[in-house]
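Report on the structure given below.
What follows draws every value from the coordinates through simple rules; no lab data is involved. Here the structure is a predicted model, which means the values were calculated and not measured. Glycine also receives a Cβ, built like all others from the backbone with ideal geometry; neighbour counts cover every protein chain displayed.
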Amino acid sequence: MPDPNRAPLQGIVKYNPHLWGDDELRSIFVARTRELAELLDRLRQTPAGSAPQHVLVVGQRGMGKTALLRRLALAVRDDLALSRQWIALTFPEEQFTVSTLAELWRNVLDALTDTLENEGAPQADLDRLDGEIRRIGALPSLEREEAAIGLLRDWIDQHQRRVLLLIDSTDLLFDSLGGAEEGKRGQKAGAASLWRLRKTLTHHSGFFWLGASYQALESGHLYSDAFHDFFELVELRPLSVDDMRQAMLALARTFGAGQEKPGETAAQVMARILDARPERLKALRNLTGGNPRTTVMLYELFAADRQDNLHADLKLLLDLMTPLYKARMENLADQPRKLLAHVMEHWAPVAAAELAEASGIPATTVSGQLSRLEAEGLIEKAKLPGRRRAGYQIAERFFNIWYLMRYTPRRVRQGLTWLVEFMRLWYSSDDLCALAGERACAHAEGRLCYVDHLEHSRAIAAALPDELPEKYRLELSIFYAAQNEARRLRRSIAEILPDFFDLEGADKSFCTAENYLARFAALDDLLARCPHVMLEDQQAWIDAVKGSPHLKLEEKEKIADESLALTANGYMKLMEIFNRDANDWKEILGRDTQEKINNFILSGEFFPDCPDPELAYKQAIACFGGDAVALGFCIHLMEVFHQFSEWMEKLCCYAIKLDPKYSLLWQQLGSLLLVQNHYNGAKTAYQKAIELNSNNPYFWSRFIDLERDISHRYIEEKLIQIPIRKLNPFDPYPVFNQARILVIKKKTIEASEAYRQAIGLATTRLTKRKENPACWEILLQAHLYLGNHDSALQALEQLSRGDSWTLYKLKKQARECHGIGLGPALAELMAQSAHASFLKPIALALRTAAGEAEALDGIPPELRTMAEEVMRDIMTNINRAEI
């Protein structure tokens, strides 16, 4: 719903400068002072008795043509010497009632009367002039033109004051005077009127036509013959950054700034704003393209600086700009309008060749049309990324933003492109980050939840670069705010915010969050049913289960479902496990980091077992974006579920950027790359981890695994013993690695002894934490080598319980056991396992690799495909080892 509390911006007159008071016009007119001074000098230097060089001021709509003519009239009145020689007559911007010269000169006479009345001329003189005007009006139509010119000449001669005709929209006026009917040789029948007007202006020194036009009269109109090279052109170019600053100060002085009323204090406030945020002035210049009218429009936005209402205020301003921008589009011919639209839809600089392809207009034609659009100030050349040639973009970015708002699709993500691009121009990166943080907090507190607010926040998030915590924090807070509102209204998000989220496309990961959070919230009531929890301990019990980082949501739901039937001993045992687990991680991570992770899990902002890798990535950065240690723990939790996902690799790289000296992150990156068969990258990562922390036995152990997998370049036993066995005599992995190397070297006695030591160390470690796949992996291979069938089978049963990480461990054991000649023995063990059906693809692959060509005969296609995949993995490693 719309926000009922938003207040509209206070209005400044933009389209009708004649409504400005004289003092307002004097104060606000600072941008075209050079042109004003030049025109005043031209008036002073025009000799009496000689026809002046008539002038046409040209420029895009909004460039200040009307304001310049109005300010020139005021300057003539303010200058005693000039006002004795000239009388400046102003007219409406468009003279829609004029289609003949008689009507034009009648308007000049009316303007003369009005100006004289404003100057305080005697009433008798005004009455006489009015009488003459009425007399001329009663004449036959063919006589009125000469009579009106004659009356003006008489007045000029009598008062020795020449008439300065400040005619706005001269091009439209001439078009009207030229008539609509075609005459001989394709000329308009009214062209004679234009030639008569030219003759009058050329031969009578009392008239000075100083007009304004959207474009030069030589731009292809049929009346161009009459006034070809007649006017001297004064082109109004876009304002510079310095011009913009002066304009902003003048606007503040005239209309106020923020809470300050008009005056010098408001100008000083604006000066401080501009000095504190100089990049904002450059952004304003980019947005407006130096267009004064657009500058006035955006001044209100700038001065108000109301971030909460920016979205609504901006839509209002874009709506106000519609007449100007729509006219710009409609005044173009079909081809240039089509090209301009394609440039706008592209937003970023686009090459001429791309425009030709997109528009279907021949490249040779496109080049000429683009040159004309550039000459008219609608587009400008801009550097193309990664290319030498320049492309084209819209010169006035706010014009482009208007187009995107008006013509892009309704779906919010695409439809907000205009707002996103405005944000990127209007705010610095620091401003956007700060604003994102403020709005994320506001959404979390239940504020700023109207549609306009949420759209505004989505635009801010989209405007931020990827990998910024503020971006993802805001994105997630928007969704959570929408979800809370939907839950409060007992409706779906799609019902209360149709089309706001693209839940089948770009926002699909939010579906995961919606489902997960609903299930997570339902745990409280179920856990509260446990009969053995005292009321004062109830929240601690609920938090212990919900906040456990190593339990999956399904496991938490299982505990919750069974809590009513839970025995007192069962409850005590669970709490003991949860408390021990929390204390272990508190010791490893530090109290603050452990508590931060726990709080984010409990609040539902971080899912330790998030099933969607993209959402997991965003949650991790949103919650722990500045904390490399916390991110390392997140990666430890998430790699079980998303080890094959590019998002996990991106998260590792992001964390390493935060702290490139944190060795654990390099080891985690190495493990991920190894799983994905990126061996060289994995090796580099492990080497970096060892370089940073050479005393970590696990790093050495994993590196030796990798070296063996890559090229069979086995490290000598002594080299293993020095860096590894010496470092941590309680770690089973180093001696386990040593045992496998001894098997390869056919040192059976030494290998058996090493395997026995590894069994002892792994068993000891399992007494502390039974769920340790790495230890069961060691026990499986060691007992299998030593011929301890029952113990090997027990280890296999334990190792076979799990998820995708367990499958990776089993496939790894298949490779290793095949490599040391234990493949058939492991296949037979798998056939005897209670998980034989789950393990069958691996067992079949081992038998095939051992030479049983018929092992896959008669196997169902799906099972055969799985076995062949494992087989390829085994053989790939064998081939790699032989290279």
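Modelled spin labels at residue 146 and residue 764, positioned 7 Å past Cα toward Cβ, are 12.6 nm from each other.
In terms of modelled amide H atoms, which long-range or inter-chain residues lie less than 5 Å from the amide H of residue 379? Here 374, 395 satisfy the definition.
Please pull out the direction-averaged projected area of the chain, using the convex hull of its alpha-carbon atoms, in nm² to one decimal place. The partial results should precede the final answer.
On the way: hull surface 209.8 nm².
Over every viewing direction, the Cα hull of the chain projects on average to 52.5 nm².
Annotation: aspartates and glutamates with alpha-carbon distance below 18 angstrom to residue 261 (same-chain offsets under eight excluded): 23, 24, 300, 305. The packing ranking of peptides 468-475, 289-296, 20-27, 680-687, highest mean first, is 289-296, 468-475, 680-687, 20-27, where packing means the average number of other beta carbon atoms within 10 angstrom of each residue. Once backbone amide H atoms are built at 1.01 Å from N, residue 427 has no partners under 5 Å, excluding neighbours fewer than 5 places away on the same chain. For segment 423-506, the share of alpha carbon pairs falling in successive 5 Å distance bins from zero is 3, 16, 27, 24, 17, 9, 4, 1 percent.
Stokes-Einstein diffusion for segment 32-235, with the hydrodynamic radius set to the Kirkwood value over Cα pairs and evaluated at 10 °C in a medium of 1.306 mPa s, equals 91 µm²/s.
Order 167-174, 555-562, 576-583 from most to least packed using the mean count of other Cβ atoms within 10 Å.
167-174, 555-562, 576-583
Between residue 330 and residue 382, the simple spin-label model (points 7 angstrom out along Cα→Cβ) gives 2.7 nm. Cross-link reach is defined here as a Cα-Cα straight distance under 18 Å, omitting same-chain residues fewer than 8 places apart; for residue 688 the lysines meeting it are 650, 657, 661.
Approximating the spin labels as points 7 Å out from Cα along Cα→Cβ, the residue 441-to-residue 872 distance works out to 5.3 nm. Estimated at 0.36 nm per residue, the fully extended path between residue 499 and residue 242 surpasses their Cα-Cα distance by 88.2 nm. Cross-linked pairs 573/596; 683/809; 546/618; 508/811; 471/596; 552/811: Cα-Cα separations exceed 27 Å for 508/811. Annotation: peptides 594-600, 822-828, 565-571, ranked by per-residue average of other Cβ atoms within 10 Å with the highest first, follow the order 822-828, 594-600, 565-571. Between the C-alpha center of segment 493-542 and that of segment 38-54 there is a gap of 80 Å. A straight Cα-to-Cα reach below 21 Å connects residue 383 with the lysines 282, residues fewer than 8 places away in its own chain not being considered.
Can you tell me the dipole magnitude for the chain around its Cα centre, using point charges on the Cβ only (Lys, Arg +1; Asp, Glu -1), in Debye to the nearest 20? Spell out each step's value before the answer.
On the way: 107 positive and 122 negative charges, 357 e Å.
So the dipole magnitude of the chain works out to roughly 1720 debye.
Given 0.36 nm per residue, what is the gain on full extension from residue 38 to residue 22 after removing their alpha carbon distance, in nm?
Details: separation 16, 0.36 × 16 = 5.76 nm, distance 2.07 nm.
Fully extending the segment from residue 38 to residue 22 adds 3.7 nm.
With the helix formula -39500 (n - 2.57) applied to DSSP H stretches of n ≥ 4, the chain reaches a computed 222 nm mean residue ellipticity of -21000 deg cm²/dmol.
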